[in-house]
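Reading through the structure tokens given below for one structure.
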Amino acid sequence: MGLDIGQALREGASRTAGTHGLILAAVFAGIALLTTVLFQTFSAAVVDTMLSTVQSASPAELGMTQAEYDQAVTEFETAAENARGTAPLALDLSAGAAAAGLVALVLVGEAVSIVAVRVFATDDGEAVSSDLVTGNIVLATLNGFVGAVVVWGLILLGLVFLVIPGIALAVLFYFLRQEIALKDKNFVQAMADSWRLTKGHRVEVFLVGAILVVVSQLEQLGAVAVGTLSTIGGVVAAAAVGGLLSAFGAAVVTRAYVQIDESEAEPVDAEPEDPYDAALGPDDLTR
């Protein structure tokens, strides 16, 4: 049985609009907003650090004339001012602290994505137990993170040389997170089984991915629309829409995965037994 794209989209929308789907959307939105805050903090802190480094050194130490030194300081001061102006949400943290926060958020985001897959894979989207959420979550998160790094590395490598291999790899490993989240596989096994599972459904899987990419552009549209009125409002709007779309994307991909996985698990009808597939007896010889 082929993948029913319409069914995956309908189920994805229905699960996203449910209680757990909206909670997950809010969590994804919070992660997106914190990521923006820490990224702005990191960018502003890096420029401030560079300015401080230049100001703490003498022209001789930097191998510059006084005029060149003064010009460099002025340029760094302008860059720092512009960085702070374009980073209204930046916190008073060092670049190292902001970078550590970003890494932590990536891991938290992966953990939430694992939970989302488990929630959206249930037959009843509202029946979620604590074991479902926390079971093997640390190992699953680490495998999901490493697997995503490996897969995206391969995809980018494929895109650098030829676009088609990159897209093909994205399709082949599309269900990596689902295999990890639902079947407790390591990322190597998950990559192999995603490759196997997509066989015979790769055109449909590609179309699902293409639809989600198009839908994801709503995040930018929302950010631009609100951002014309308020920069901070645009950031918040982008996070809110992005959180909803992240939950929707996870739901659609997971429901597509469930369709294919269940069709693979269906027993193949056995061929009827041939009554004559045996040695001939005395009665057969007299007929």
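The values are calculated or read from the model by the stated rules, or taken from the named source; none is laboratory data. What you see is a predicted model; the values in this text were computed from it and never measured. Note: ideal-geometry Cβ built from the backbone for every residue, glycine included; neighbour counts use all protein chains shown.
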Query raised in the report: Can we say Ile164 is at pLDDT 95 or above and assigned to a helix (DSSP H, G or I)?
Result: no
Requested in this report: Considering only the range 43-143, give the helices (runs of 4 or more DSSP H) lying wholly within it that have at least 3 residues that are in contact (Cβ under 8 Å) with a residue 60 or more places away in the chain.
Outcome: 95-121
Query raised in the report: Given the conditions (1) under 14 Å from Ala45 (Cα atoms); (2) of a type in the set (Asp, Glu); (3) modelled with pLDDT under 85, which single one is not true for Glu75?
Result: (1)
Query raised in the report: Which members of the range 197-220 meet the condition of being closer than 23 Å to Ile180 by Cα and of a type in the set (S, T, N, Q)?
Result: Thr198
Query raised in the report: With respect to Leu9, is the statement that it is within 30 Å of Val215 (Cβ to Cβ) and buried (at least 18 other Cβ atoms within 10 Å of the Cβ) true?
Result: yes
Query - Criterion: touching a residue at least 60 places away in the same chain (Cβ under 8 Å) and crowded, with 23+ Cβ neighbours inside 10 Å - qualifying residue of Leu38, Leu3, Leu33 - result: Leu38
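Yes/no matrix, rows are residues, columns are (1) more than 17 Å from the chain's Cα centre (by Cα); (2) modelled with pLDDT under 95; (3) polar (S, T, N, Q):
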{"residue": "Glu110", "(1), (2), (3)": "no, no, no"}
{"residue": "Leu132", "(1), (2), (3)": "yes, yes, no"}
{"residue": "Asn136", "(1), (2), (3)": "yes, yes, yes"}
{"residue": "Trp152", "(1), (2), (3)": "no, yes, no"}
Report task. Sort out for me the helices (runs of 4 or more DSSP H) sitting completely within the range 181-281 that have 2 or more residues that are at pLDDT below 75 and more than 27 Å from Pro165 (Cβ to Cβ). Result -> 202-227, 231-265
Requested in this report: Report, by residue number, each residue of the range 167-225 that is of a type in the set (D, E, K, R) and without any contact (Cβ under 8 Å) to a residue 40 or more places away in the chain.
Outcome: Glu179, Lys183, Asp193, Arg196, Lys199, Arg202, Glu219
